[in-house]
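Accompanying notes for the structure given below.
The values are calculated or read from the model by the stated rules, or taken from the named source; none is laboratory data. A quick note: this is a predicted structure, and the numbers were derived from the prediction, not measured. Every residue, glycine as well, gets a Cβ built from its backbone with ideal geometry; the counts of neighbours run over all protein chains shown. These area figures cover heavy atoms from the full protein model, side chains too; ligands, DNA and RNA do not enter into them. Shrake-Rupley method; radii C 1.70, N 1.55, O 1.52, S 1.80 Å.
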Amino acid sequence: MGLPVRVQQGVGLILLAAAGAGAEPRFVDIAPRSQFAYITNNNFTGRKYFPQPMCGGVAIFDYDNDGRMDIFFTNGAKLPENKKTDPSFYQCLLRNRGDGTFEDVTRAAGLTGEHIDFSYGVAAGDYDNDGFVDLFIANTGKNTLYRNLGDGTFRDVTDESGLAAKPAETLSVQGAWFDYDRDGWLDLVLSNYTLWTPEKDRRCVRHDGVDFYCHPSTYPPVPHRLYRNLGNGKFEDVTEKSGFAKALGKGMGIGIADFNEDGWTDVFIANDTEPNFLYLNQGDGTFREVGLLYGVAYNDSGLTVSSMGCDAKDYDNDGWVDIFYNNLMRQTWALFKNQRGKMFRYITPATRLVQLSETRSGWSNGFIDYDNDGWKDLYSANGDVDYLAANAAQHDTMFRNIEGKYFVDVSEAMGPDFLRVGFQRGSAFGDLNNDGWPDLVVTSLNARPRILLNTAGGGNHWLLIEVRGRQSNRDGIGTKIKVTTASGRQLYNHVTTSVGFMSSSDKRVHFGLGAEEAVASIEIRWPSGKLQTLEGVQADQILRVEEPEG
């Protein structure tokens, strides 16, 4: 960490020295180098409360604008009180020192969360366009919005923002920022699971008296919610008039992308044991739920599964955003290939994901080009719901993308820290040391998180693009980027932080370039509709681009 940088005028380049030739990428846990007390504490004591398996959200974001990615973790609460009764349940903010260590600044930043209840997902985004990234936390009860004050501290502005209002007893799992109406302000979509309180928790017991977590069908589905950012620090609940209220689900991961390339950002929500939802943005403030029509509501057998985390990325570089979600053991993980915005095709068997995933219970996940070869690989944080199965504690998996055709399991090559078994839950991606090789942060129930540094050290080339909106939202969420290399190869990605389960990733867009040392052109289509083209860009740099005026 702490690589020297040279700032170049113009579009705003930060040039980093390319790492030397190196070996196969491996991930090394650098968390032990830092002092922090946080563990993912779901308060498991033998009595099993329904939401306990969902704990340990992660956000990778730069809260203090020093150019280094920091890390935030959500946490559980004591049950049945549903309170963070002592520091073991507090949230955690780790400031990146730039030397391979992190400083616990939670209390100084005002982010302990001691006043809120059991927490799940976190979404990082600059909702007020002031240049400082804010945090939204999904909770059992009232959700929480923390405004970044720009001085290293955060303030709970939930009540004044309008985000406190939701139906009583609603359990919210995840939020995601996006600008659905293209007015330049980040709106919020909320993935809700059910109606639940500790007092109404159903206890499920085996014949031998051992508790197990009740099946999701024990609890009712509920609508997901949509909040429109009014631009004055306040949000309007538009769930009813947008069309979101028409569909009831048990929401988990959220994928944000323009799936049909009409210029309006859409929403995919993975539902646990319920049909998945695909909300197509109609461009008039309303959405149409087309999961069944577009072929993503069920698997290829017409069945619902325990859909967990999801990611929406173009895995085969054909210019159309695809959808992935994982689920529990013996429920095959699903990959849906976008058919030019008209429908999706279930291609799990053709890409070999059936045999690769059937023994794993996946939670968070995401496409990550870990080896910088230009093909987005597939990561999953694994571990069963309960400890009762023989293969309950599991290690994570990395499936290498072979030229967009199929995947192979390369987990064993990722190193012993990557292969540590546990009950993994949240995960986020980001370049923690700005060396161009994407890193991982993973939580595991009742354990310290792993901060997994990608130690590849060179070989392939890369490009990291950080956009800043002017007419568009400042974070540039929803911006589409097409990179054409010097040899004519075309690579696609878009700006989003909503990746996996309960987590929020680095908003900078990563491109692996393989052996390519230069980029012929970069085409950037902003949410405002503006098209910007850059030419003759060198590889191995962090490229900062501002939306043009006018």
*Here are some conditions: (1) at pLDDT 95 or above; (2) open to solvent by 10 Å² or more (accessible area, probe 1.4 Å). T304 meets all but one. Which one does it not meet?*
(1)
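Listed here are the residues, each with its yes/no results for (1) under 30 Å from K48 (Cβ atoms); (2) open to solvent by less than 50 Å² (accessible area, probe 1.4 Å).
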residue	(1), (2)
D183	no, no
F212	yes, no
S217	yes, no
P221	yes, yes
F244	no, yes
G249	yes, yes
*asked:* Given (1) β-branched (V, I, T); (2) modelled with pLDDT of 95 or more; (3) assigned to a loop (DSSP other than H, G, I, E, B), identify the lone condition not met by I323.
replied: (3)
*Taking into account only those residues within region 35-59 that are more than 18 Å from the chain's Cα centre (by Cα) and among the hydroxyl-bearing types (S, T, Y), which is most open to solvent (accessible area, probe 1.4 Å)?*
T45
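Only one residue in L93, L145, L111 is part of a loop (DSSP other than H, G, I, E, B), of a type outside the set (S, T, Y) and crowded, with 19+ Cβ neighbours inside 10 Å. Which one? Write out each step before concluding.
On the way: L93 fails: part of a loop (DSSP other than H, G, I, E, B); L145 fails: part of a loop (DSSP other than H, G, I, E, B).
Matching residue, one of L93, L145, L111: L111.
Out of the residues in region 277-290 that are part of a loop (DSSP other than H, G, I, E, B) and not polar (S, T, N, Q), state the one that is surrounded by the most Cβ atoms within 10 Å (Cβ to Cβ).
So in region 277-290, the residues part of a loop (DSSP other than H, G, I, E, B) come out as 282-286, 290.
Subsequent filtering for residues that are not polar (S, T, N, Q) retains 283-285, 290.
Details: G283: 13, D284: 9, G285: 14, V290: 18.
Only one residue fits best here, namely V290.
Please enumerate the residues belonging to region 479-490 that are open to solvent by less than 20 Å² (accessible area, probe 1.4 Å) and farther than 16 Å from V545 by Cβ.
T485
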*If you check I402, I477, which single one turns out to be more than 18 Å from the chain's Cα centre (by Cα) and among the β-branched types (V, I, T)?*
I402
*Examine region 291-300 for a residue that is part of a strand (DSSP E or B), at pLDDT 95 or above and not hydroxyl-bearing (S, T, Y), and state whether such a residue exists.*
no
*Report, by residue number, each residue of region 362-391 that is within 15 Å of M502 (Cβ to Cβ) and free of Cβ contacts under 8 Å to residues at least 40 places away in the same chain.*
none
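With the structure loaded, tell me whether A381 is among the aliphatic types (A, V, I, L, M), more than 21 Å from A270 (Cα to Cα) and out of contact with any His (no Cβ under 7 Å at 6 or more places or on another chain) or whether it fails that test. Write out each step before concluding.
Numbers: among the aliphatic types (A, V, I, L, M): yes; more than 21 Å from A270 (Cα to Cα): no; out of contact with any His (no Cβ under 7 Å at 6 or more places or on another chain): yes.
Against the criterion (among the aliphatic types (A, V, I, L, M), more than 21 Å from A270 (Cα to Cα) and out of contact with any His (no Cβ under 7 Å at 6 or more places or on another chain)), A381 does not qualify.
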*Going through region 114-129 one residue at a time, which ones are open to solvent by less than 10 Å² (accessible area, probe 1.4 Å) and among the charged types (D, E, K, R)?*
D126
*Of all the residues that make up region 491-510, how many are open to solvent by 10 Å² or more (accessible area, probe 1.4 Å) and either of a type in the set (F, W, Y) or in contact with a helix residue (DSSP H, G or I) (Cβ under 8 Å, 6 or more places away or on another chain) (or both)?*
1
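Take the residues of region 386-407 that are of a type in the set (D, E, K, R) and modelled with pLDDT of 95 or more: which is least open to solvent (accessible area, probe 1.4 Å)? Explain how you work it out, then say what you get.
Just the residues of region 386-407 that are of a type in the set (D, E, K, R), to begin with: 386, 396, 400, 403, 405.
With modelled with pLDDT of 95 or more added as a condition, the list becomes 396, 400, 403, 405.
Working: D396: 0, R400: 78, E403: 106, K405: 127 Å².
Only one residue tops the list, namely D396.
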*Could you grab me the full set of residues in region 242-261 that are part of a loop (DSSP other than H, G, I, E, B) and among the hydrophobic types (A, V, I, L, M, F, W, C)?*
A247, F259
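Residues in region 155-164: is at least one hydrophobic (A, V, I, L, M, F, W, C), open to solvent by 10 Å² or more (accessible area, probe 1.4 Å), out of contact with any Asp or Glu (no Cβ under 9 Å at 6 or more places or on another chain) and within 30 Å of G283 (Cβ to Cβ)? Give the derivation first.
Keep residues of region 155-164 that are hydrophobic (A, V, I, L, M, F, W, C), which gives 157, 163-164.
Going one step further and asking which of them are open to solvent by 10 Å² or more (accessible area, probe 1.4 Å), we end up with 164.
After this cut, where a residue has to be out of contact with any Asp or Glu (no Cβ under 9 Å at 6 or more places or on another chain) as well, the list is 164.
If we keep only those that are within 30 Å of G283 (Cβ to Cβ) as well, we get 164.
Yes, the conditions are met somewhere in region 155-164.
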